Amino acid sequence: MGMLTSGREWETMKFTFAPESRPLEGYTIKRAIYRGGFGEVYYALTDAGREVALKLLQNNAEVELRGVQQCLNLSHPNLVTIFDVKQDRDGDHWIVMEYVAGETLDAAVHRHAGGMPMEEVRNWLRGIADGVGFLHDQGIVHRDLKPGNVFSEAGVVKIGDVGLSKFITPSRRSAQTQSVGTVYYMAPEVAKGRYGREVDVYSLGVMLYEMITGCVPFEGESTGEILMKHLSEKPDLEPLPPRLRPVIDRALQKDPAKRFASVTELHQAFEAAVLGKSSSVDEHVRVVVTATPPTDQPGRAPVDRVSELEQTVVDQATVAPSIWRPTRRALLFILGIGLLALVMSGEPGEDGVLVAWVTTCFSYIGYTLLRRMKSTWAFTRPVLAFVDSDSQPVGAQGGLRGSWVIPAAAWAFLVTTFARADMADFSEVAIPGSIGMFVLGAILHAICSAFRTAPQPARTADHWTPPPARQSPPRPIRPVNHQRRHQPRRTARHYYRNRKLTPGAFRAMPFRTRLSQYANSATLVVPIIALLTGSVELLSPQFFASVSGAGPGWENIAMFASTAVIASWVLIGLSKWNEGRRLDGGTRRLLQMVGGVAVGLAAYGISETLLIAPAPPADVYAGTLWSQPGDPMFVSVGARPLFVEGGRPSLLGYVAFFGILFGLRRWWWHADAFRSKRFRIGSVLLTVLLAWLVSSIWAFPSVWAMTWAAVISSAVQLASVWTPPEERFIAKEV
Amino acid sequence: MRPVVLFLWVQSVGVQALACSLKAELQHSTPQNLVSRSCLSSVMLEGRWRRTMNHTLHNREIALDQPGTTVLLWIDGVGCWMLCPGESVIFGGPVEPGSSRPSADLCLMANLRRQHARIERMGESYRWKTVEGDVNGRTVRGETFLSDGDLLTLGPNVQMRFRQPSVLSASAVLRPDNRTWPRMFAAMQTPGSVDGIVLMDEVCLLGPGADAHVPCPDWAEQVILHRRDEKLWVRTPGRAQLDSRAMTDASPLGDGTVVSGDGWRFRAEVVGD
């Protein structure tokens, strides 16, 4: 029989025949393919070199032989051809059939973890329906349809194991009423012993369910449990797209008379549901299809319908553009509001301009926040639809990056040319004024948009994702079948190397890696800042001069250095925590702003503890270039001052400076492992410029601000982990 | 010294200690990595080999130094893999009737020229040259170097994925992408279905891990084929049988040898001149 000789202490070989065995005349077994419910399948070559698959029937040989004999001379492009049935010297029967080199539907389903794309499902369905339809036309029921039996070779679907098909006899009662095959796909009436070709419709329905959602409809720990569910439990159709639910529901009816009469009907109904055409197939199907909520508009092409179908299911998944970049329309809208405010304030002079500037800022912030919150209020939806329908963000086409800065800067220029720092009463005028403007504008546009067509919804990927609750893979059933059922998926890790990976690359990092990299960087920060502080001290001894004037003020140095260290730790920590995650810039900046507030608090705490002033008296407060020195734009926020007497910044001053500086700059790019260069002077200079801008708008000692910015920026870059481009790789889940 | 500076210093020392301990802990590899790496390293670095007592004498040992030698691995439950130990492989179309020798090392049943493309190993990297085809969708003129994950197209229909799954070896793997690829043959065989091609440098790994050249997902252990003295040796971590005789650790493979172990089996066959 070809079994290995005795003397083995370990597990028996899985397959009976060894390579190069010749149980049949004219065929040489080269290797085993798998062991199935009826026997083992081997890959063999004829003496001339023709590839065949040889299936050894070990159990219940008589049953299969009867079935196979009728299928011997069937030929169809979607069926695995059976060439011959032969008997070897020991009396075992072998089926000689076509060898199909390709993956099974089983493997394809498991390749797509959450369900296959609809196009692929339709391809498989078309092949299976044609093949099984042909079988039914010949009067043969397959009875053992399952994904392990369906192959795809070069795009052609082939159904195998046709040898199990049973003649439809008039009596419809078979003497051999064994359960065959995997029970996941078995129709309920098979267990009772009376069945016809509707069992194939049921199996196909289960297969469709699994193709679309990734899981079978009925799972269980044992054969009995699954059979019970087939008999009594309704399938959960909720993970399916709404249009397909009635089709699958009808295919999975317990009563065979209520199902589709043939696989061809099932195929047609499925296609009709997917494409949205109400074809004249079936009264039941047509009625139910039109009952689903209409989502589209008349006159759409079928292709649009397909993606709309997927869109209706996924309301949550939207493409998130960078929320910091308003669209062109939104930008005009915001500036328009500012202009309105200017006009309506009635004061064309400095105060009016100031009001307009503040109103613009608030509108911009409000717009950004609304986009972030995904328009929960009814009246904002049409507004956002209107402004976002021109979906090109400003600067997206390779224009100036972040060009929202330009109109903002223009306004700042105008304002600072004319304005003075008396802002005591702006809280009474500008805040209610700008909110009112925005509300008015929103209502106006809500009215306008009622007369416009709704804009295109954002296209999601073709792949439709079910709600996450249904993601568990089916559990293996051990006692039923010798056929290998899928184990819990072992995800293989492939490493993808690319020199061109940027900080934007999405990668998964385990928490420990993040922690260790952070710890590394954090320890490096301290000596680096010590070094930088020392060099500042060397370059300009008066910088840290203490009040007493004798020698360097250690309190000043300690204050500067410790604040810089804490700021760097916070920045590196935030960057490392979010490295490689899919976060948009707005969220990151928000987190950074919160970090900045914390740093500001800490800085204030340190300065109070050490009782120092970070600057000699107030002439260090450089104003803007165009106004008098000592005259920043805002010296107080509302009623609270940004600095106290003696020139020290107040708590609010610290918080405002650090919060805004952290929230504006793209700090995570400084600290990412995949940044283009380890240290870029340009980044430092830009940070310094930004710090100067911030300190000239909201009162803060400018020189200290700029030095802090330079030191923090340099330290973060030098201390952060940097991977040279050759060594960059990301692990991809396969 | 001011207490502030002292405080800062203590803080930095503490953080440094924490980092060191974390780093030490993270340097421990998982046991499986250790095993496979030590197996591999012992293959690469060990000076003396332990000879096997039950060295099979039936099959002629596979010699890798002869040009044009290709080894077919018939692996149960996995497929038929072609092992090309040479430095370069030329792909071409089917043999014209009437010619006695194929003009290419690997003939594919596809619409390709007689010598359509060539892949060559140069040290650690591979050079690809094709008459008509592209790499990752972009046309190649002349030669190009390949990197892991590249999609090679020959002619209109044939697509292969180039991979170097193991960091410790320069061996490369060519596999069909998603669809099947044409039947192929080397020397004067009949065309047959091949599940993958391994361009073997020193080592070819068969097993379940992601670094295996021949992926065998259901295997419990990894089997190593390596080149030694221009012969093909097999090395298994557990007990194995070589042609029904027990085998310890490592043994040279002969033409037609069947190697079997706990839950796996394969046969090596030489095709060539």
> Do the conditions hold for A:SER203, that is, is it at pLDDT 90 or above and among the hydroxyl-bearing types (Ser, Thr, Tyr)?
Replying inline: yes
> Considering region B:220-252 alone, what residues qualify as being open to solvent by 10 Å² or more (accessible area, probe 1.4 Å) and not in a strand (DSSP E or B)?
Replying inline: B:ALA220, B:GLU221, B:GLN222, B:ASP229, B:GLU230, B:PRO237, B:GLY238, B:ARG239, B:ASP243, B:SER244, B:THR248, B:ASP249
>> Regarding region A:235-253, can at least one residue be identified that is open to solvent by 40 Å² or more (accessible area, probe 1.4 Å) and over 33 Å from the mean Cα position of the chain (by Cα)?
In response: no
> Does B:VAL203 satisfy being within 23 Å of B:ARG161 (Cα to Cα) and either open to solvent by 10 Å² or more (accessible area, probe 1.4 Å) or more than 13 Å from chain A (Cβ to nearest Cβ) (or both)?
Replying inline: yes
> Residue check, A:GLN70 against (1) within 14 Å of another protein chain (Cβ to nearest Cβ); (2) modelled with pLDDT under 90; (3) at negative phi, all met but one. Which one?
Replying inline: (1)
>> Only one of A:LEU54, A:LEU105 is without any contact (Cβ under 8 Å) to a residue 60 or more places away in the chain, surrounded by 18 or more Cβ atoms within 10 Å (Cβ to Cβ) and within 14 Å of another protein chain (Cβ to nearest Cβ). Can you tell me which?
In response: A:LEU54
> Wholly within region B:103-182, which strands (runs of 3 or more DSSP E) include no fewer than the required count, namely at least 3 residues that are crowded, with 20+ Cβ neighbours inside 10 Å and more than 14 Å from chain A (Cβ to nearest Cβ)?
Replying inline: B:151-154
>> Looking at (1) in contact (Cβ under 8 Å) with a residue 12 or more places away in the chain; (2) over 17 Å from B:GLN164 (Cα atoms); (3) of a type outside the set (Lys, Arg), which one does B:THR190 not meet, given that it meets all the others?
In response: (1)
> Taking the condition away from every other protein chain (no Cβ under 13 Å), open to solvent by less than 30 Å² (accessible area, probe 1.4 Å) and not aliphatic (A, V, I, L, M), does B:GLY192 pass?
Replying inline: no
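The values are calculated or read from the model by the stated rules, or taken from the named source; none is laboratory data. The model shown is predicted, which means the values in this text are computed figures rather than measured ones. Here the Cβ is made from the backbone with ideal geometry for all residues, glycine too, and neighbour counts use every protein chain on show. Ligands, DNA and RNA are stripped out before the accessible areas are found, and what is left, the full protein with its side chains, is counted by its heavy atoms. Shrake-Rupley method; radii C 1.70, N 1.55, O 1.52, S 1.80 Å.
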